[in-house]
Structure formats: C-alpha cells, structure tokens
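Taking it in order: structure first as structure tokens, then the write-up.
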Amino acid sequence: MSLKSPLGQVRGLGSAKEGVHHWWLQRVTALALIPLGLWFVISVIFMAGASHDDMVAWISSPFSAAIALLLIIATFWHAMLGVQVVIEDYVHNEGLKLASLLAIKGLLMLLGFACALSVIVLLVQG
Amino acid sequence: MTDQTDGPTRPLSPHLQIYRWQWTMALSIAHRASGVALVVGILLLVWWLVAAAAGPDAFASAQGFIGSFIGQILLFGWSVAFFFHLCNGIRHLIWDSGKMLELGPAQGSAMAVLVATGTLTILAWIIAYAVK
C-alpha cells in the first residue's frame, strides 16, 4: 500500500508528462501569429530594398517595435514547440533526443534574443 | 502455430508503399515540412534584423544578399512555406474546434488551402515588385 494520495500517484504520468500545456500554447501562439505574421510579411514587402535610415525609422516607432517584439516572442515560441514535436517523433534514442531538444531550443532562444535585442537597439537609435 | 514464412506477407496499415495517395495526407506532411523550412529560413530574416541593428554597412550587405538572385529564390521559397503554413494552420485551428472533420470538408479545405497559398504568394510578389 502506498502512502501517496491518489492524485500524487498519477501526477507526472501519461505519455506527454505535461497534459495539454504544450498543445494549448501551440494553438495560442498560432492564433497570435495570424495577424503578427501578416503584419511582418506586409512590412517586408514595403521594406524590400529600403535604406538603413528607412529601417531605423520604421522599427523605432513604438508601435512597430511593440508589434515586432510580440512577433519575435510568438514566432520563436511556436517554432520551439513545433520542432520539439518533430524531434520527439523521429529521434528515438533518449540521450540523443534530449541533446537535440536542448541544442535546437537553445539555438532558437539565442536567435530570438538576438532579434529582440536588435529591435531594442533600433528603437534606441531612432 | 502460425507459419512464420506466411505470417508477415499480409499488408500492414498504414504502409506508405501501398497506401493510396491522398491530398489530405500530402498536406499533413507538407504542414510539418513547411514548418521546418520556416525555422531554417528564419535565419535569413534574423540576419536581416540583426544587421540593421549592427549598422548601415552590415545592413547593406544583408539587403544586397536578399536582393540577389539566390536571395530572392530563398525568399520566394520561404514565402510559399509561410502562406501554406498560415492557411493550413487556420485549417488545423478549425479542426481543433471540432468542425469540418468529415472526409468531404477535409478534402475541400485542402484544395482551398492550396488555392489560397498560390493566390497569396503571387499577390505578395506582385505587390512587392510593384512598390519597388
């Protein structure tokens, strides 16, 4: 007989060990990325071939900077959740799976922070 | 006892070599493939943004590469992946709400996604070259 409560016995079990948290966040970030992604594509269309001054002027408006930061957070979060599923599906060796998850997520976090800091630098410059 | 030489000859499902090809399964794997492609392609856009923060010279070389023939091809591929993943992602969100899961709507929405992807991609590139 276990001294653990019924809830304590089942916590952390199940195939994903985390319930619907991953699934839900993937949907929330997906929903956020519909307007944010469209804003980005439209911006890129109009910034194609722009000068550095144009770029600074565009990002340094508080509205653009805020949207850009939200876009960066949603994009890299969604990307991390997405590649996690792909790795979990195809990499079956536990050690290799953990290593590739840490490597890819770490790399995406680095790129995401680099983007966010770039926006802040441009905001300060403008 | 079952004879081991006869046992494994029957087809197993899903068995990709003999599975009848369907649009719904093609779009399913294309959603994953386009997602991975978008992550790889994001490197180009990270470079573009970081270069802008680094200064005019770095930004000019990033703009130069993106404007080059190879850069435009990469950006075109990225835009196809973007619009496909966007449209098919909306289709997935509709499925998550429990709607359009029957075979007919699933196939119809697959066609709608392909048409929308093509239309949005062509439209985006026409506008991009028109405003230049």
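Using the structure shown, decide if A:Ile59 is of a type in the set (A, V, I, L, M), closer than 23 Å to B:Phe83 by Cα and at pLDDT below 95. It would help to see each step written out before you state the result.
Numbers: of a type in the set (A, V, I, L, M): yes; closer than 23 Å to B:Phe83 by Cα: no; at pLDDT below 95: yes.
It is false that A:Ile59 is of a type in the set (A, V, I, L, M), closer than 23 Å to B:Phe83 by Cα and at pLDDT below 95.
Could you check how many residues of the range B:63-81 are in contact with a helix residue (DSSP H, G or I) (Cβ under 6 Å, 6 or more places away or on another chain) and closer than 30 Å to A:Trp23 by Cβ?
Looking only at that region, the number is 4.
Pairs only if they're at least six apart or on different chains, beta carbon under 8 angstrom, first in the range A:33-57 and more than 17 Å from B:Leu75 (Cβ to Cβ), second not in a helix (DSSP H, G or I) and not acidic (Asp, Glu); list them, first residue then second.
Going by the 8 Å Cβ cut-off, the qualifying pairs are A:His52/B:Gly55; A:Val56/A:Gly126; A:Ala57/A:Gly126.
Taking A:Ala57, is it more than 8 Å from every other protein chain (Cβ to nearest Cβ), under 24 Å from A:Lys105 (Cα atoms) and of a type in the set (Gly, Ala, Ser)?
The answer is no for A:Ala57.
Considering the range B:49-66 alone, what residues qualify as being of a type in the set (Phe, Trp, Tyr) and either closer than 17 Å to A:Gln125 by Cα or facing chain A (nearest Cβ under 7 Å) (or both)?
Hit for the range B:49-66 is B:Phe59, nothing else.
Mind checking whether some residue in the range A:34-44 is exposed (fewer than 11 other Cβ atoms within 10 Å of the Cβ) and polar (S, T, N, Q)? Quick ask: steps written out before the conclusion?
Going residue by residue through the range A:34-44, those that are exposed (fewer than 11 other Cβ atoms within 10 Å of the Cβ) are none.
No, that holds for no residue.
Report the residue count in the range A:88-124 for those that are more than 9 Å from chain B (Cβ to nearest Cβ), in contact (Cβ under 8 Å) with a residue 12 or more places away in the chain and under 16 Å from the mean Cα position of the chain (by Cα).
Summing the residues that are more than 9 Å from chain B (Cβ to nearest Cβ), in contact (Cβ under 8 Å) with a residue 12 or more places away in the chain and under 16 Å from the mean Cα position of the chain (by Cα) in the range A:88-124 gives 4.
I need the full set of residues from the range B:68-102 which are basic (Lys, Arg) and either within 12 Å of chain A (Cβ to nearest Cβ) or under 19 Å from B:Ser34 (Cα atoms) (or both), in order please.
Matches in the range B:68-102: B:Arg91 only.
Could you list, in sequence order, the residues of the range A:17-38 that are more than 12 Å from chain B (Cβ to nearest Cβ) and touching a Leu at 6+ places or on another chain (Cβ under 8 Å)?
If the condition is that a residue be more than 12 Å from chain B (Cβ to nearest Cβ) and touching a Leu at 6+ places or on another chain (Cβ under 8 Å), then A:His22, A:Leu25 are the ones that fit.
The values are calculated or read from the model by the stated rules, or taken from the named source; none is laboratory data. Note that the coordinates shown come from a computational prediction; the quantities given were computed from them, not determined experimentally. Backbone-built Cβ (ideal geometry, glycine too); neighbour counts: all protein chains shown.
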